[in-house]
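Participant: This is the structure, below, for whatever I ask next.
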Amino acid sequence: MSKPTVHSDRTSRKGGARSRSRFLWYALAFVLLALAVCACVRGCRNEIVAGGGEISPPASFPPLKEDEKGDVLVTGYCNCGECCGWEFSWLGFGPPVYTYGAQKGKKKKVGVTARGTEAHLGTVAADPKVFPFGTRLLIPGYGTGVVEDVGGSIKGRHIDIWFPSHQTALNWGRRNLKVVPIPDADASRKGKDGR
């Protein structure tokens, strides 16, 4: 049986160490580049999901008139993770998941309401015990909206109205308003006809 050859020349071993070192530097550069791209993509995805700033947010909303003040707390929200409680999984590379509550860690369909519709201007999140799904509401300073969503902190006489950007939702703030349910035309006809 022959013995393995031992090289007395150290240059061959140094060459191997240099190539390993070079490989590690390239791997580190690739990882850093991937993280930078991820951060950029995450920022872009958040803007796209939140509405992309298509509608410029007003600097402020008009002050309330005395007859508009009421007992319903009205706040604003958008599709972003801060408003809706989600984040990208797998260090920002994966799909959006819930960050808290009973659904924590489960996939989140961003921009989709609890009723299964896509969030848009006029979408309202409310406590279904107070304002059931499908209820049309007249909201001073906003217009009409339909209850299509729920929220973890939306309880009792508190509603959340959808805006296309986070800044617009922040500009809306927290307001106590006189929110009026709009009767459904079909339901009122059914009641009159006796059907």
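Participant: Suppose we keep only residues that are in a helix (DSSP H, G or I), loosely packed, with under 11 Cβ neighbours inside 10 Å and of a type outside the set (A, V, I, L, M, F, W, C) within the range 167-189. Which one would you say is modelled with the highest pLDDT?
Facilitator: Checking each candidate, the answer is D186.
Participant: I would also like to ask the following. Is it the case that some residue within the range 124-139 is farther than 23 Å from S165 by Cβ and in a strand (DSSP E or B)?
Facilitator: yes
Participant: Considering only residues that are among the charged types (D, E, K, R) and farther than 20 Å from A102 by Cβ, which ones fall in the range 120-147?
Facilitator: Selection gives R136 alone.
Participant: Also, quick follow-up: Out of all the residues in the range 103-122, is one or more touching a strand residue (DSSP E or B) at 6+ places or on another chain (Cβ under 7 Å), surrounded by 15 or more Cβ atoms within 10 Å (Cβ to Cβ) and closer than 26 Å to K69 by Cβ?
Facilitator: Taking every residue of the range 103-122 in turn, at least one turns out to be touching a strand residue (DSSP E or B) at 6+ places or on another chain (Cβ under 7 Å), surrounded by 15 or more Cβ atoms within 10 Å (Cβ to Cβ) and closer than 26 Å to K69 by Cβ.
Participant: Continuing with the same structure: Return a yes/no flag: does the range 154-166 have any residue that is loosely packed, with under 14 Cβ neighbours inside 10 Å and modelled with pLDDT under 85.
Facilitator: No.
Participant: Has the range 145-157 got any residue that is touching a strand residue (DSSP E or B) at 6+ places or on another chain (Cβ under 9 Å), charged (D, E, K, R) and over 25 Å from S89 (Cβ atoms)?
Facilitator: To start, the set of residues in the range 145-157 that are touching a strand residue (DSSP E or B) at 6+ places or on another chain (Cβ under 9 Å) comprises 145-151, 153-154, 156-157.
Now drop any that are not charged (D, E, K, R), which leaves 148-149, 157.
Adding the requirement that they be over 25 Å from S89 (Cβ atoms) leaves 148, 157.
Checking the range 145-157: at least one residue is touching a strand residue (DSSP E or B) at 6+ places or on another chain (Cβ under 9 Å), charged (D, E, K, R) and over 25 Å from S89 (Cβ atoms).
Participant: Just a yes or no: is a residue in the range 142-150 without any contact (Cβ under 8 Å) to a residue 40 or more places away in the chain and either under 14 Å from C83 (Cα atoms) or of a type in the set (K, R) (or both)?
Facilitator: The answer is yes; a qualifying residue exists.
Participant: Separate question: State which residue is farthest from V72 (Cα to Cα) when the search covers only the range 136-153 and only residues that are surrounded by 20 or more Cβ atoms within 10 Å (Cβ to Cβ) and more than 21 Å from the chain's Cα centre (by Cα).
Facilitator: L137
Participant: Pick from the range 10-38 the residues that are under 30 Å from G94 (Cβ atoms) and of a type in the set (V, I, T): which of them is modelled with the lowest pLDDT?
Facilitator: In the first step, residues of the range 10-38 are kept if they are under 30 Å from G94 (Cβ atoms); the result is 23-38.
Cutting the leftovers down to of a type in the set (V, I, T) gives us 31, 37.
Working: V31: 74, V37: 59.
Per the criteria, the residue is V37.
Participant: Considering only residues that are modelled with pLDDT under 80, within 14 Å of the chain's Cα centre (by Cα) and hydroxyl-bearing (S, T, Y), look in the range 51-98 and name the one that is farthest from L177 (Cα to Cα).
Facilitator: Step by step, filter the range 51-98, then rank; the result is S89.
The values are calculated or read from the model by the stated rules, or taken from the named source; none is laboratory data. Model, not experiment: these values are computed from the prediction. With ideal geometry, Cβ positions are generated from the backbone for all residues, glycine too; neighbour counts draw on all protein chains shown.
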